[in-house]
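Novice: The structure follows.
The values are calculated or read from the model by the stated rules, or taken from the named source; none is laboratory data. Note that the coordinates shown come from a computational prediction; the quantities given were computed from them, not determined experimentally. Every residue, glycine among them, receives a Cβ derived from its backbone with ideal geometry; neighbour counts consider all protein chains shown. Remember, those area values only see protein heavy atoms, side chains included, never the ligands or the DNA or RNA. Shrake-Rupley method; radii C 1.70, N 1.55, O 1.52, S 1.80 Å.
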Amino acid sequence: MSANRREVILGVGAGIAAYKSADLLRRLHDRGYYVTVVPTPSSLNFVGAATWEALSGRPALTQVWESVHQVAHISLAKNAGFFIIAPATADLIARIAVGRADDLLTNLVLSSDVAKMIVPAMHPNMWNNAATKANVETLRARGFIIMEPDTGRLTGSDSGQGRFPEVSRIVEEFDSMTGNTQDFTGRKILIAAGGTREAIDPVRFIGNRSSGKQGISLARAAQLRGADVYLVAANMDTSTLDGISITHVESAREMQQALQRDFPSSDVLIMCAAVADARPVQTLADKIKKALFTSIELEPNPDLLAELASTKVQQVLIGFAAETKDHLESARAKLKAKALDIIYVNDVSNGAIFGKDVTHGTILLRNGEEIALKEVSKDALADLLLDHAKRQLG
Ligand code: CTP
């Protein structure tokens, strides 16, 4: 497992501002990050694990003694692309500065060498104390990004520097640490994903093995890069997506309608859905009895991508192909026939890639360039395709 630039550990220290990190978590989700919350044990006095688990959709562990068989302090650290510790108390900053590892969060900080940001919040006397100042200096010298707390009124009647900064300022600072340039800001990206189902009767359908995982990766990547993302989701789980406009569809014709609605105002269309090429001529209202279920008469579905391509104005079109043989030849033909800018061809011999997090195949561009990819994650492929789309958008 290697670090994933979209995976973030949100460490939460025992400050009253812990509740504000619930909003921070949402904002990071909205930007397309996956967030695992690791609260310190004493921070649970302010915000309980149940809140973090509900908001992040993931377990919120505090101690290395939980889920020992998964060796969480190593696996979480290996997977994380970035850390953000908010709020950080004087005590937490001190523990990190001296290299303590007495809870899960400090273990993770020690065992990961990715970029880390600390958002302090404490009483001004503690922030201005020479010990805290020295610890902050030490951590900055080691490469930690440490925000300056805001100045103003604190929880009691005191005021001074020590307040938790505005969440928007934290997110801005975090983006600059992660190098997130938001290069799709103001762009609308339409993604069709999942696999369509064509009803035979109320219980049976013609379907396929697409899981929609590539579509999730694309939606997240586009969102993280600042795009307005519209996802047309065919029979897939979208529960991990926040801040994306999702239209759920079942069949190819429903997908066609949704795409026709959103395509004209889009800048990029990414068609990674597995669209059923044919549908039953008739969908029966009653379940077909076994004795009569011997054949199904089919008629072709429209080719959604080719149809949209014929109405294109300035949109960049990205198609996907899944092939079991003659991958490149078929992909070149599809790129041309469907008037695409980019196509990615997957090798699906033996059912490879379905439901998996990695893929291997080739990106083909309209100018004839072909980029072969060996075992890349679907997240990495999503970013590569967006890089090419960006170039074509100019
Ligand atoms: N596609 C589409 N509408 C269809 C079939 C496919 O929009 N009815 C899109 C897919 O989403 C994909 C691209 O066209 O982006 C290529 O899909 P693929 O199934 O590989 O190609 P087909 O045109 O169906 O050709 P064949 O099944 O003969 O290989």
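Novice: Identify the residue in the range 155-199 that is under 30 Å from LEU298 (Cβ atoms) and outside any loop (DSSP other than H, G, I, E, B) and, among all such residues, is most open to solvent (accessible area, probe 1.4 Å).
Specialist: Filtering first and then ranking leaves ALA199.
Novice: Oh, and also: Being more than 23 Å from VAL232 (Cβ to Cβ), in the same structural domain as ALA193 (by TED's automatic domain parsing) and not polar (S, T, N, Q) is the requirement here; does LEU284 meet it?
Specialist: Answer is yes for this residue.
Novice: Looking only at the range 268-286, count how many residues are without any contact (Cβ under 8 Å) to a residue 40 or more places away in the chain and in contact with a Ser or Thr (Cβ under 6 Å, 6 or more places away or on another chain).
Specialist: 0
Novice: State the number of residues belonging to the range 282-302 that are assigned to a loop (DSSP other than H, G, I, E, B), within 16 Å of PHE205 (Cβ to Cβ) and within 16 Å of the ligand (Cβ to nearest atom).
Specialist: Summing the residues that are assigned to a loop (DSSP other than H, G, I, E, B), within 16 Å of PHE205 (Cβ to Cβ) and within 16 Å of the ligand (Cβ to nearest atom) in the range 282-302 gives 1.
Novice: Additional query: For the range 77-85, indicate whether the set of residues that are in contact with a His (Cβ under 8 Å, 6 or more places away or on another chain), part of a helix (DSSP H, G or I) and within 27 Å of GLY179 (Cα to Cα) is non-empty.
Specialist: Scanning the range 77-85 turns up no residue that is in contact with a His (Cβ under 8 Å, 6 or more places away or on another chain), part of a helix (DSSP H, G or I) and within 27 Å of GLY179 (Cα to Cα).
Novice: Have a look at ALA77, ALA97, ALA14 and point out the one that is at pLDDT below 95, not assigned by TED's automatic domain parsing to the domain that holds THR238 and not basic (Lys, Arg).
Specialist: Matching residue, one of ALA77, ALA97, ALA14: ALA77.
Novice: Quick one: would you say ASP237 is under 17 Å from the mean Cα position of the chain (by Cα) and not in a loop (DSSP other than H, G, I, E, B)?
Specialist: no
Novice: Hey, among GLY99, GLY143, GLY152, which residue is under 30 Å from ARG220 (Cα atoms) and either part of a loop (DSSP other than H, G, I, E, B) or of a type in the set (Gly, Ala, Ser) (or both)?
Specialist: GLY143
Novice: Could you list all residues from the range 354-390 that are closer than 23 Å to ALA337 by Cα, among the β-branched types (Val, Ile, Thr) and in contact (Cβ under 8 Å) with a residue 24 or more places away in the chain?
Specialist: THR362, ILE363
Novice: Residues SER265, SER295, SER310, SER330: which one is assigned by TED's automatic domain parsing to the domain that holds ILE216 and either surrounded by 20 or more Cβ atoms within 10 Å (Cβ to Cβ) or free of Cβ contacts under 8 Å to residues at least 12 places away in the same chain (or both)?
Specialist: None of the others qualify; the one that does is SER295.
Novice: OK, next. Would you call ALA322 part of a strand (DSSP E or B), in the same structural domain as PRO202 (by TED's automatic domain parsing), open to solvent by 40 Å² or more (accessible area, probe 1.4 Å) and more than 18 Å from ALA219 (Cα to Cα)?
Specialist: yes
Novice: Still on this model: Consider ILE342 carefully, then state whether it is of a type outside the set (S, T, N, Q), in contact with a helix residue (DSSP H, G or I) (Cβ under 8 Å, 6 or more places away or on another chain) and in contact (Cβ under 8 Å) with a residue 40 or more places away in the chain.
Specialist: So ILE342 fits the description; yes.
Novice: Quick check: anything in the range 338-352 open to solvent by less than 20 Å² (accessible area, probe 1.4 Å), assigned to a loop (DSSP other than H, G, I, E, B) and at pLDDT 95 or above?
Specialist: Yes, there is a match, as at least one residue in the range 338-352 is open to solvent by less than 20 Å² (accessible area, probe 1.4 Å), assigned to a loop (DSSP other than H, G, I, E, B) and at pLDDT 95 or above.
Novice: Same structure, new question: Kindly list the number of the only condition in (1) surrounded by fewer than 17 Cβ atoms within 10 Å (Cβ to Cβ); (2) more than 13 Å from the chain's Cα centre (by Cα); (3) over 30 Å from PHE293 (Cα atoms) that fails for HIS248.
Specialist: Of the numbered conditions (1) surrounded by fewer than 17 Cβ atoms within 10 Å (Cβ to Cβ); (2) more than 13 Å from the chain's Cα centre (by Cα); (3) over 30 Å from PHE293 (Cα atoms), the odd one out for HIS248 is (3).
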